[in-house]
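For reference, the structure discussed in these notes is given below.
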Amino acid sequence: MITLFCKNTILAKTAAFALLALFNCSVMAQQKQFSPGQLWPDDKGVHINAHGGGLLYQKGTYYWFGEHKIAGGAGNRAMVGVHCYSSKDLYNWKDQGIALAVSTDTTSDIAKGCILERPKVVYNKKTKKYVMWFHLELLGQSYKAARAGVATSDKVTGPYTFIRSYRPNAGFMPYYPPGTPDADTVNCAQPKNKSEGFFCRDVPGGQMARDMNVFVDDDGKAYHIFSAEENFTLDVAELNDTYTGHTGKFARVYAGHQTEAPAIFKHNGIYYLIGSGTTGWAPNPARWFTAKSIYGLWTYHGNPCKGKGAEITFGGQSTYILPVAGKKDAFIFMADKWTPKNAIDGRYLWLPITFKGDDMEISWFDNWDLKVFDKEK
Ligand code: DGJ
């Protein structure tokens, strides 16, 4: 009622929250659209707490996993774990609780207060397990460790059991897709630049792994895409059959340029990769790439965002690209609008991707719904 009366403005949402809290009421008005950057109440009327997230679609239900943040600057560290929500329509989300909890054991890799970012969950059909990957920084070491962490569960909503964390592909050299220019092959005897120097330094212990995503291809093979070499390169790395480890096969993408926040999808047989620059929590222009093979060669296309705010990705940073189930050519660009001074208040920017042939664009909408994909055909 209130939502209708106030025309669904932020005021309405705030008023609705206050009323619900007052009457300890858990029934939320059904939401029928996306409102990027606004508070997004879950089924209990609480702003969704799943930052740097990723989605998994299973049998008619979407599951959203993300970093659970707490209030204040402390929320930039993992004090709780990975939060899970479920939805049938993408607008209304049910709180499913904490899927992976941080540990109270201070010697654990995932000790409370560590940095655990950008969790992504995929389902392995062979093992029938849900596999969660995330970027992990060990307690008290800021962003030095640069590890990938993995946890599994028999149930999509968890609880997930932490398995291990490490730097991937120790001892392996990159795979070079056909056509790789000689200048782009690594020469550890005489590194050509900083990025290659970092790569060679890290061969024995494994490559640094920070911002990341996981992608399962049509043939069931899974890939871990992460910022490596002090963020100077993105690695596209093959995961093993159980999705819980790396095989040693990986390609270096856009080497020498600092890229974070990789998000990947496939459309009409072409792989699309969106990332950002590296400016901490502050927004910067997004960048996109395409390739015919997941290992490349990847072509750089500049900024996919158009219109006012495009130069700062509308205030956000990419985190995931969601293919909408049952709709053709329908992909949602998901980004985080970080609020590091009060981490829990971070907002979600979900925007539709528009295709022009094989080109893609992302434009701002104050409000929109999934019908936008029907109109475009
Ligand atoms: C940008 C990254 O994309 C985030 O995930 C986070 O690591 C911040 N940097 C920290 O400054």
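The values are calculated or read from the model by the stated rules, or taken from the named source; none is laboratory data. Note that the structure is a prediction, hence the values are computed from the model and not measured. Methodologically, a virtual Cβ is constructed for each residue, glycine included, from the backbone with ideal geometry; neighbour enumeration extends over all protein chains shown.
Just a few scattered comments:
- Checking Gly37 against (1) in contact with a Gly (Cβ under 8 Å, 6 or more places away or on another chain); (2) not in a loop (DSSP other than H, G, I, E, B), the condition it does not meet: (2)
- The numbered conditions (1) outside any strand (DSSP E or B); (2) away from the ligand (no atom under 14 Å from the Cβ); (3) closer than 17 Å to Val102 by Cα are all true for Ser165 except (1).
- If you go through region 168-190 and pick out every residue that is surrounded by 14 or more Cβ atoms within 10 Å (Cβ to Cβ) and not in a loop (DSSP other than H, G, I, E, B), you end up with 1.
- Residue count for region 289-314 satisfying the condition of being within 16 Å of the ligand (Cβ to nearest atom) and under 18 Å from Gln258 (Cβ atoms): 2.
- Scanning region 84-100 for residues that are in a strand (DSSP E or B) and either among the polar types (S, T, N, Q) or within 16 Å of the ligand (Cβ to nearest atom) (or both) yields a count of 3.
- Here Tyr272, Tyr243 are screened, and the one residue that is more than 13 Å from the ligand (Cβ to nearest atom) and not in a strand (DSSP E or B) is Tyr243.
- The residue pairs whose first member lies in region 195-223 and is under 23 Å from Ser318 (Cβ atoms), whose second member is assigned to a strand (DSSP E or B) and small (Gly, Ala, Ser), and whose beta carbons are closer than 6 Å, counting only pairs six or more residues apart or on different chains, are Gln207/Ala228; Met208/Ala228; Ala209/Ala148; Arg210/Ser227; Asp211/Ser227; Asp211/Ala261; Asn213/Ala263; Val216/Ala222.
- Considering residues of region 10-69 that are surrounded by 13 or more Cβ atoms within 10 Å (Cβ to Cβ) and among the aromatic types (Phe, Trp, Tyr) only, the residue modelled with the lowest pLDDT: Phe17
- Members of region 336-358 that are free of Cβ contacts under 8 Å to residues at least 60 places away in the same chain and within 22 Å of the chain's Cα centre (by Cα): Thr339, Pro352, Ile353, Thr354
- Test: Tyr254 is closer than 24 Å to Cys200 by Cβ and surrounded by fewer than 23 Cβ atoms within 10 Å (Cβ to Cβ): yes
- Scanning region 259-269 for residues that are within 22 Å of Lys120 (Cα to Cα) and either crowded, with 18+ Cβ neighbours inside 10 Å or more than 17 Å from the chain's Cα centre (by Cα) (or both), we see that the one that is farthest from the ligand (Cβ to nearest atom) is His267.
- Residue within region 232-254 that is touching a helix residue (DSSP H, G or I) at 6+ places or on another chain (Cβ under 6 Å) and without any contact (Cβ under 8 Å) to a residue 40 or more places away in the chain present: yes
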